[in-house]
Amino acid sequence: SASRFILSKAEAGGGVLMGLGSHMLDTLFWWLGEPIEHSFISDAHGGMDSECRVTMTMSDGAHGTLELSRSRQLANSYVLEFEQAVLTLPLYGNAFEIRHKDSPLLVRETVVPAADPSAVVHEFQALRDQFTDFALAIRSRGVPAASVPQVARTIGFIERCYAVAQPYPMEWIRPIGL
């Protein structure tokens, strides 16, 4: 990066949870509502988090975990486990997978616009649409699709996570017995 923004807590407001997690949490809150309980572990040790995990319980009893990393490659997907099936939705892209828990078969499908099923959806179309909407709201002084209360809800949740942060377990760091 040409900027130190991603490395500066003062400029970015936080680490991987604030930077990447805010977008994933927005989506989770849109789908499931805000959690009623949560725990948070982080490798920040008072600085910027590059590894973190948020464990949540939603008001309907659903449980979930959001794991983020700037130093490891993760699957970049939402995995929703139901009683009989697992649904995997990529963070970027337009394909999804459904696997019945008792079957070795996998259903893999592609999402297409209902108005034009032959259209090709770019992998980062949702992100592009989000930035376009934001830029148009600034230019026209209009209202962006993401409202201030929605954004405040997510930022408030992230701040509550940082307030209760526990150390990320680093099993590879152990005292050496002599």
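Kindly report the accessible area of the chain per residue (heavy atoms of protein chains, probe 1.4 Å, no ligands, DNA or RNA), in Å².
On a per-residue basis, the chain sits at 70 Å².
Highest GNM mean-square fluctuation, the chain, Cα pairs closer than 10 Å: which of S59, S22, S71?
Result: S71 has the largest fluctuation of those listed.
Would you be so kind as to identify which of L136, A115, S103 lies farthest towards the positive end of the dipole of segment 58-178, taking Lys and Arg as +1 and Asp and Glu as -1 on Cβ and the Cα centre as origin?
Going by the Cα projections, it comes out as L136.
Dipole magnitude of segment 73-178 about its Cα centre, charges +1 at Lys/Arg Cβ and -1 at Asp/Glu Cβ only, in debye to the nearest 20?
So the magnitude is around 400 debye.
Let's test the formula: R0 of 25 Å, r as the Cβ-Cβ distance of S39 and A10. What FRET efficiency results, to the nearest 0.05?
0.45
May I have the pair-distance distribution P(r) for the chain, computed from all Cα-Cα distances with 5 Å bins from 0 and rounded to whole percent?
1, 6, 12, 16, 18, 17, 13, 8, 4, 2, 1, 0, 0, 0
Whole-Hz ³J(HN,Hα) for each residue in segment 17-33, computed from phi via Karplus 6.51 cos²θ - 1.76 cosθ + 1.60 with θ = phi - 60°, x for glycine and proline: what do you get?
With coefficients 6.51, -1.76 and 1.60, one gets 5, 5, x, 8, x, 4, 5, 5, 5, 3, 5, 4, 5, 5, 6, 10, x Hz.
At a threshold of 8 angstrom on Cα-Cα distance, excluding pairs fewer than six apart, so keeping six or more, what relative contact order does segment 41-130 reach in percent?
14 percent
Take the Cα of W172, step 7 Å along the line toward its Cβ, and report every residue of segment 48-92 whose backbone nitrogen sits under 15 Å from that point.
50-52, 69-74
What residue among G64, L32, A12 has its Cα farthest toward the positive end of the dipole of the chain, where the charges are +1 on Lys, Arg and -1 on Asp, Glu, each on the Cβ?
Positive-most Cα among the choices belongs to A12.
Take the alpha carbon gyration tensor of segment 16-99, find the square roots of its eigenvalues, order them as a ≥ b ≥ c, and report rounded if a/c is under 1.5; if not, report prolate when a/b exceeds b/c, else oblate.
oblate
Given Cβ point charges of +1 (Lys, Arg) and -1 (Asp, Glu) and nothing else, what value in debye, to the nearest 20, does the dipole of the chain about its Cα centre take?
540 debye
Select from R53, R128, R141 the residue whose mean-square fluctuation is largest in a Gaussian network model of the chain (Cα-Cα springs shorter than 10 Å).
Highest fluctuation among the options: R141.
With all protein chains present, how much of the accessible area of the chain (probe radius 1.4 Å) comes from carbon and sulfur, to the nearest whole percent?
For the chain, the apolar C and S fraction of the accessible surface comes to 59 percent.
The values are calculated or read from the model by the stated rules, or taken from the named source; none is laboratory data. Only a predicted model underlies this, so the values are computations on that prediction, with no experimental measurement involved. Heads up, the Cβs are rebuilt from the backbone with ideal geometry, glycines too, and the neighbour counts pull from every protein chain shown. For the accessible areas, the whole protein counts, side chains as well, though only heavy atoms, and no ligand, DNA or RNA atoms are used. Shrake-Rupley method; radii C 1.70, N 1.55, O 1.52, S 1.80 Å.
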